[in-house]
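Visitor: Take a look at this one; I'll ask things after.
The values are calculated or read from the model by the stated rules, or taken from the named source; none is laboratory data. Given the structure is predicted, the values throughout are model-derived calculations rather than measurements. With ideal geometry, Cβ positions are generated from the backbone for all residues, glycine too; neighbour counts draw on all protein chains shown.
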Amino acid sequence: MWMRELDKTERQTMGGCFLGWTLDALDVQVYSFVIPTLLVSWHITTTQAGILGTVTLLASALGGWLSGIAADRFGRVAVLQGTILWYAVFTFASGFTQNYDQLFFCRALQGFGFGGEWAAGAVLIGETVRGAYRGRAVGFVQSGWAVGWGLAALLFGLFFSFLPEHLAWRALFWIGLAPALLVFWVRRHVPESGVFTQGRRERANIGVTQQLLAIFHADYLPTTIKVSALAMGSIGGSYTFLIWLPTYLKTVRGLSVIGTTAYTTVMIAGAFVGFILGAYLADAIGRKWTFVVSALGSAAILGAYMLMPIGNHAMLVLGFPLGLCAFMMFSPMGPYMTELFPTRIRGAGQGFCYNFGRGIGALFPALVGKLTTVMGLGNAIAIFGIAAYAVMLLAVVLLPETLGRPLPEDMEYVPQADGSAASSYTPS
């Protein structure tokens, strides 16, 4: 097995990042399960519920960019620890909120750390694991998202079955403090990226403003725009149905708590397989073809899931391939971005592109909530989801393949005081 070829540092880094993604997903996904309760107990509208889902993703855009820059200056591991602690505290605090405004505030701050954790972790694992296994390693780590999503579904079924509803939704948020314990493990077992450490002295001479703006330099701006569009389409498509799926199953399909949990679990199982399959495909057929297969499959199955007059049994079966296709695309995302940006701006590049895309894609759940009263929840989910995947495919066509290419070297792009480049590197 390929994992046996990895050294101790590579395995420990994978383990720390896997746990980080697992608990990240747990903290983020619990909200999707409490939406039906908040709609009734707080008498909020579907538009407001969509905004609560969107604000986390919008805040993650800013958090991811700033955390990526911090990771380029202070280290990937230090920022990873700080962001995990941050989002854990504010998920926990969400369980004590008493009204819409308080929950909005906590969700926004939780999103700031949520976006930062991905930025630091994706760069760390991409730089630590050797190129031959980078796609599989990052894909395996990202499968932790399916595990965390599954834990959220399991806890939802458990808490809402044995606790009063007014307490159960709060307990789901309180359990979000668990990731704080991961910080101690990461501090002890996960070393800093060797690539980052080797270039620390050179990066110390770069000003903060230069670092902030480097990804918008003429040599990188086309790549920054296209990668942001890639992230926007993939994340917008998945979050369109991720945020609203439990509500759709409960309010439109009339499923119980147990039924909603069962249907969601099937999709989560598909997502886990999708992460692993995408990891292997990324190294076998390339990053771009994996994106194409995933986007086309997601759009087709989502349309069938939401628009065709199918029964609940068929919907249960379709949940597996939908989860597989929708999450297969995220396995190549980290290594692909790692291979497009040089070390000195890699954190900023990945942090900005992925989380800017997440911020724009975050508008999709809010728009779904807004238009539900006009066209129905299922139609709104399908329209915005398919549109998002179309944007993703356009970006893929315009971007280069990076499979088999070495990581870009820092010295290929050296920003000067006037913003010019002493020598350039263009990822094309």
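Visitor: Could you grab me the full set of residues in the range 296-348 that are part of a helix (DSSP H, G or I) and either touching a strand residue (DSSP E or B) at 6+ places or on another chain (Cβ under 8 Å) or among the β-branched types (V, I, T) (or both)? Break it down stepwise before answering.
Guide: Looking only at the range 296-348, we keep the residues that are part of a helix (DSSP H, G or I), and these are 296-307, 312-328, 333-338, 343-348.
Correct list: I301, V317, T338, T343, I345.
Visitor: Being farther than 24 Å from R107 by Cα and modelled with pLDDT under 80 is the filter here; which residues of the range 1-55 pass it?
Guide: Within the range 1-55, M1, W2, M3 meet the criteria.
Visitor: I've got another one for you. Go through the residues of the range 413-424 one by one and say whether even a single one is assigned to a loop (DSSP other than H, G, I, E, B), closer than 19 Å to W244 by Cβ and at pLDDT below 85.
Guide: No: zero hits.
Visitor: Sticking with this structure for a sec: Kindly provide the set of residues from the range 37-60 that are more than 21 Å from G157 (Cα to Cα) and of a type in the set (S, T, N, Q), ordered by number.
Guide: Within the range 37-60, T45, T46, T47, Q48, T54, T56, S60 qualify.
Visitor: Tell me which residues, restricted to the range 242-255, are part of a helix (DSSP H, G or I) and either under 17 Å from V34 (Cβ atoms) or without any contact (Cβ under 8 Å) to a residue 24 or more places away in the chain (or both). Let's see the steps before the verdict.
Guide: Start the filter on the range 242-255 by keeping residues that are part of a helix (DSSP H, G or I), which leaves 242, 245-252.
L242, L245, P246, T247, Y248, L249, K250, T251 - these are the residues of the range 242-255 that are part of a helix (DSSP H, G or I) and either under 17 Å from V34 (Cβ atoms) or without any contact (Cβ under 8 Å) to a residue 24 or more places away in the chain (or both).
Visitor: Further question: Identify, by number, the condition in (1) assigned to a helix (DSSP H, G or I); (2) at pLDDT 85 or above; (3) of a type in the set (F, W, Y) that F140 doesn't meet.
Guide: (2)
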